[in-house]
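Here the structure is laid out as structure tokens; the discussion comes afterwards.
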Amino acid sequence: MSLKKIFLASVSVFIILSVHAQGFLKASGQQIVNEKGENVLLRGIGLGGWMLQEGYMLRINKDGQQNKIRARIDSIIGPWRTKEFYTAWLQNHTRKSDVDSLHAWGFNSIRLPMHYNLYTLAVDQEKIPGQNTWLTEGFALTDSLLAWCSANHMYLILDMHAAPGGQGNDLNISDRDATKLSLWESAANRKKLVDLWAQLAHRYAHEPWIGGYDIINEPNWGFDDLTGDKNGLKEKHNAPLKELMIEITAAIRREDKDHIIIIEGNGWGNNYNGILPAWDNNMVLSFHKYWNYNNTESIRHILDTRSKNNIPVWIGETGENSNVWFTEAIRLMENNNLGWAWWPLKKIGANNPMQIKSNPDYDQLVAYLNGVGPNPGAEVAYSGLMQFARSARTENTIIHRDVVDAMFRQPFSPTAIPFKQNVVRNGAVLQAVDYDMGPNGIAYFDKDTADYHVSQGPRGGNSGRTYRNDGVDIKRDSSATESYYVTNTEDGEWLRYTIDVTKKGTYTIQVLVASLTGGQMSLLINNQIKPFTVDIPVTAGLLNWQPVTIKNVSLNKGKQVLRLLVNKGGFNISTISFHTDKVFFSNAGFEK
């Protein structure tokens, strides 16, 4: 089976917004439309980590700017091997197979976070002050990505994620070197940014699958009070930001009259004080949304700004949360005709469509870079980095089907579907973590489902942050290879499993559990009225698994629904096994 067919099969139901070549996208009143005037709802994803690495995506939490990460790698493995790693990273991270997969899943657009240093030299590297040396690497990568997008009828939005000098005090976002002049402190940096956009506009002016130009990502700078408001959240005027964006717009329009220009407010894209009204008739506003509630009030300022200024709005960056949050957010945005671009496609971590796998050598390097381990030495570090670069290839990533399902099916189809084919026969063992896919309250019920810390304080959601991205807490058993279990169970929570029984009969079901406090669990088949209820024993540890046994469970042949209910929580769940013979594990050990 081809890679594309595998990806298609991984999502049982998804919604695709069919996009055909209808000329350039345009701003029309409060809508983004195609050449026919039809509303276009952008469903996109950002390629974070490709051209611009942020430390958290690599699990590097100390000095997480790309320039510092690269310098420290250089000091361990040397400049030639460092260059080899970054070349391999750029070649492997985003390829045609990634774009084909995104199209198959239902995405119709991609946001490209660009690092200016792949397109031109830094101002302090130019031999002649004020001159622009154009580099082929960034343009070639962009050309290839555009070709793959065009072949899939997907829009590509160019996003200046790292501007010359850096556009804010959140250093990792723009790979800013705080020892040098920022974008706002250097006229030379601002001129280079303007010139780069003119060059990009000249190159892509006639490309209809370029969806727009997102000219400065997440500016975050306190123009009026750099000490007390360093990220510009309270900024009232934003005059330097507006002035620069107007200058960039003029440079683009000298080369390109057709493409949408996308602007972002201060304070990570949300503070538009002093910036509006728009100065171009083909302009879109971008807001970014993270870690807050998904109700109308959470986007009231966005809707009001759109209405007051009669201008389209695009949620240019959002994500980094649980499946529950994803489903809520997408339903909210699409019900209000707000297109979106998720963040990111892939990184180390389970809350994105693709997960890049780590390796032991890379882990040693990361421990050293984070200040919690010894220097692994050049050979181990080089080996780990090159393995990591290869792991970024589509076919080597972990595809999180639950994330894709939460984004494309669950917002509009609140039903449960199997996560895996749980075939039940004598001796069959189901993993507890392979419960059905679907919304909270449909496929499972968990009391702490998402991270709303911007709205309500402490971070919440899946405490394990591995294997799946639902509210269910899942952890990895480090004593076994690729073994996971459900943990932190609370009273009233439950898990649903669609099972396919090969033979009608009476089964003994055993559930492996571990607990320090005990508990109680019930099992229901097809929502029967009377459940099977068992007490959970106190075990010698949270990973000291013991079976609890439920006898005389009648199962019909074919599809059945099994539900595990946590009556009294505080225990972990590992596996569920099915037996039709008389030999099975019990609480006491073997029983005949």
Open item on the list: For the range 355-451, give me every one of the helices (runs of 4 or more DSSP H) that falls completely inside it and has 3 or more residues that are closer than 29 Å to N488 by Cβ.
Closed with: 360-369, 401-408
Task: Residue in the range 516-537 that is farthest from Q421 (Cα to Cα), counting only those that are surrounded by 13 or more Cβ atoms within 10 Å (Cβ to Cβ) and touching a Gly at 6+ places or on another chain (Cβ under 6 Å) - done: G519
TODO: Please verify whether the range 345-359 includes one or more residues that are farther than 23 Å from K475 by Cα and buried (at least 16 other Cβ atoms within 10 Å of the Cβ).
DONE: no
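Here is a yes/no grid of residues against (1) free of Cβ contacts under 8 Å to residues at least 40 places away in the same chain; (2) crowded, with 17+ Cβ neighbours inside 10 Å; (3) within 18 Å of L52 (Cβ to Cβ):
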residue: Q131; (1), (2), (3): yes, no, no
residue: L135; (1), (2), (3): yes, no, yes
residue: L156; (1), (2), (3): no, yes, yes
residue: H161; (1), (2), (3): no, yes, yes
residue: P164; (1), (2), (3): no, yes, yes
residue: Q167; (1), (2), (3): no, yes, yes
residue: N172; (1), (2), (3): no, yes, yes
residue: T179; (1), (2), (3): yes, no, no
residue: S182; (1), (2), (3): yes, yes, yes
Task: Total residues in the range 425-453, condition within 19 Å of V404 (Cα to Cα) and among the charged types (D, E, K, R) - done: 3
Task: Residue in the range 447-466 that is under 29 Å from Y86 (Cβ atoms) and in the same structural domain as L542 (by TED's automatic domain parsing) present - done: yes
Task: Residue that is modelled with the lowest pLDDT, among those in the range 532-555 that are more than 21 Å from D434 (Cβ to Cβ) and not in a strand (DSSP E or B) - done: A540
- [ ] Would you mind stating whether N273 is buried (at least 17 other Cβ atoms within 10 Å of the Cβ), in a loop (DSSP other than H, G, I, E, B) and among the polar types (S, T, N, Q)?
- [x] no
Open item on the list: Being crowded, with 16+ Cβ neighbours inside 10 Å, at pLDDT below 95 and not small (G, A, S): is that true of V11 here?
Closed with: yes
Open item on the list: Considering only residues that are outside any helix (DSSP H, G or I) and charged (D, E, K, R), which ones fall in the range 161-200?
Closed with: D170, D175, R176, D177, K180
Task: Matching entry among Y497, Y467, Y507 (being of a type in the set (F, W, Y), closer than 22 Å to Y444 by Cα and part of a strand (DSSP E or B)) - done: Y497
Task: Any chance P113 is in a loop (DSSP other than H, G, I, E, B) and either within 20 Å of I263 (Cβ to Cβ) or in contact with a His (Cβ under 7 Å, 6 or more places away or on another chain) (or both) - done: no
- [ ] Answer yes or no: is there a residue in the range 516-530 that is under 35 Å from the mean Cα position of the chain (by Cα) and charged (D, E, K, R).
- [x] no
Open item on the list: List the residue pairs whose Cβ atoms are under 8 Å apart, where the first residue sits in the range 76-100 and is touching a residue at least 60 places away in the same chain (Cβ under 8 Å) and more than 17 Å from A392 (Cα to Cα), the second is aliphatic (A, V, I, L, M) and surrounded by fewer than 19 Cβ atoms within 10 Å (Cβ to Cβ), and the two are 6 or more positions apart or on different chains.
Closed with: I76/A378; I77/A378; G78/A378; R81/A378
Task: Candidates A104, A140, filtered to the one that is modelled with pLDDT of 95 or more, aliphatic (A, V, I, L, M) and either crowded, with 17+ Cβ neighbours inside 10 Å or within 24 Å of I399 (Cβ to Cβ) (or both) - done: A104
Task: Selection within the range 374-416 - charged (D, E, K, R) and touching a residue at least 12 places away in the same chain (Cβ under 8 Å) - done: R390, R393, E395, R401, D402, D405, R409
TODO: Would you check which residues across the range 98-110 are part of a helix (DSSP H, G or I) and in contact with a Leu (Cβ under 6 Å, 6 or more places away or on another chain) and list them?
DONE: A104
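Here is a yes/no grid of residues against (1) surrounded by fewer than 19 Cβ atoms within 10 Å (Cβ to Cβ); (2) touching a Gly at 6+ places or on another chain (Cβ under 8 Å):
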| position | (1), (2) |
| --- | --- |
| K191 | yes, yes |
| L200 | no, no |
| G212 | no, no |
| I216 | no, no |
| N220 | no, yes |
| P240 | yes, no |
| L244 | no, no |
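The values are calculated or read from the model by the stated rules, or taken from the named source; none is laboratory data. On a predicted model such as this, the values are computed, not experimentally measured, just so you know. Ideal geometry is used to build each Cβ from the backbone, glycine not excepted, and the neighbour counts take in all protein chains shown.
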